[in-house]
1. Report, by residue number, each residue of the range 168-195 that is surrounded by fewer than 18 Cβ atoms within 10 Å (Cβ to Cβ) and either of a type in the set (Phe, Trp, Tyr) or touching a Ser or Thr at 6+ places or on another chain (Cβ under 7 Å) (or both).
2. Determine, yes or no, whether Ala193 is modelled with pLDDT under 85, within 30 Å of Thr60 (Cα to Cα) and in a helix (DSSP H, G or I).
3. Of the residues that sit in the range 133-167 and are surrounded by fewer than 18 Cβ atoms within 10 Å (Cβ to Cβ) and not in a helix (DSSP H, G or I), which one is modelled with the highest pLDDT?
4. Here is a list of conditions, (1) touching a residue at least 40 places away in the same chain (Cβ under 8 Å); (2) in contact with a helix residue (DSSP H, G or I) (Cβ under 6 Å, 6 or more places away or on another chain), and Phe70 meets all of them except one; can you say which number that is?
Amino acid sequence: MEILSFLAAPFIASLILSGIHAYLGVHVVERGVIFVDLSLAQIAALGASIAIIYGADPHTATAYWVSLAFTFIGAFVFANVRGKHSRIPQEAIIGICYAVASAATILAMSKATGETEHLKDMLVGNLLFVSWHDVWKTALLYGAVGLFHYRFRKNFLAISMNHNAERVNGMSVRFWDLLFYGSFGFVVTSSVAIAGVLLVFSYLIVPSVAGMLFAKTIGKRLAIAWSMGTIVSALGIFLSVKFDLPTGATIVCTFGIVLAVMGCVKAVFHRHTEDLPAFEVKTAVS
């Protein structure tokens, strides 16, 4: 019972992360900007690093607001470097921002006390020791972002499905991109502080890719993504405690293994249906 009580907060936090990131991941994959989360997460980590070298504690409001300010700058840049007439691919800008932010974070941490520990926390987080206060605060913030996206879900989905256009259904894509990346920035800044850059990226992309393997509609993809996120979170936390491993890194590796297994299952199923007559294929799929 003591172990279950200890793991309750990390597990609930992982479910909250999985819920919001799986949804945002659907948009990211459709837009083809796969590494935008990784880049924004690294920019958020850079902001926190700057705050730390100027004397702020990593877990204070000062570090959070500085990190959020850096994230908003990144969101503004990404919202304004897209479009079918742009000569430079948006993914190139995202990759450059990630590389520069990563290098700048290393430079900043080289001037901070205990830089190795700070860098490790920014990469893989410290999910196992998250407090209930952080859990409820994160739940409220993500709930607000979720309601915002639910209210304007048709706009966001329409633009994600037609992201190369300048206007969609009379809407300015650039304006809605700014709203998307801005709300995304709120989520990423809080997530990095809890789970680290690599785990945030995994929660965003891996469940969404898993959903795409087995479903075409948004609803079914989200159901698969949320189910995978829940199962992998529980399994990763259990394995990290049982074998005394870093929680964030364990969950990331578990995501990779589970996705590989799902990919193999999909390949076997696809090969099996190819060998069936047309009528039986239709019956198997339905």
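1. Matches in the range 168-195: Phe175 only.
2. Against the criterion (modelled with pLDDT under 85, within 30 Å of Thr60 (Cα to Cα) and in a helix (DSSP H, G or I)), Ala193 qualifies.
3. Going through the qualifying residues, I end up with Phe152.
4. Result: Phe70 fails condition (1) only.
For every residue, the table says whether it meets (1) modelled with pLDDT under 90; (2) in contact with a Lys or Arg (Cβ under 9 Å, 6 or more places away or on another chain).
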{"site": "Leu199", "(1), (2)": "yes, no"}
{"site": "Ser208", "(1), (2)": "no, yes"}
{"site": "Arg221", "(1), (2)": "no, no"}
{"site": "Ala225", "(1), (2)": "no, no"}
{"site": "Phe269", "(1), (2)": "yes, no"}
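The values are calculated or read from the model by the stated rules, or taken from the named source; none is laboratory data. Treat the numbers as computed from the prediction; the structure is a model and nothing was measured. Note: ideal-geometry Cβ built from the backbone for every residue, glycine included; neighbour counts use all protein chains shown.
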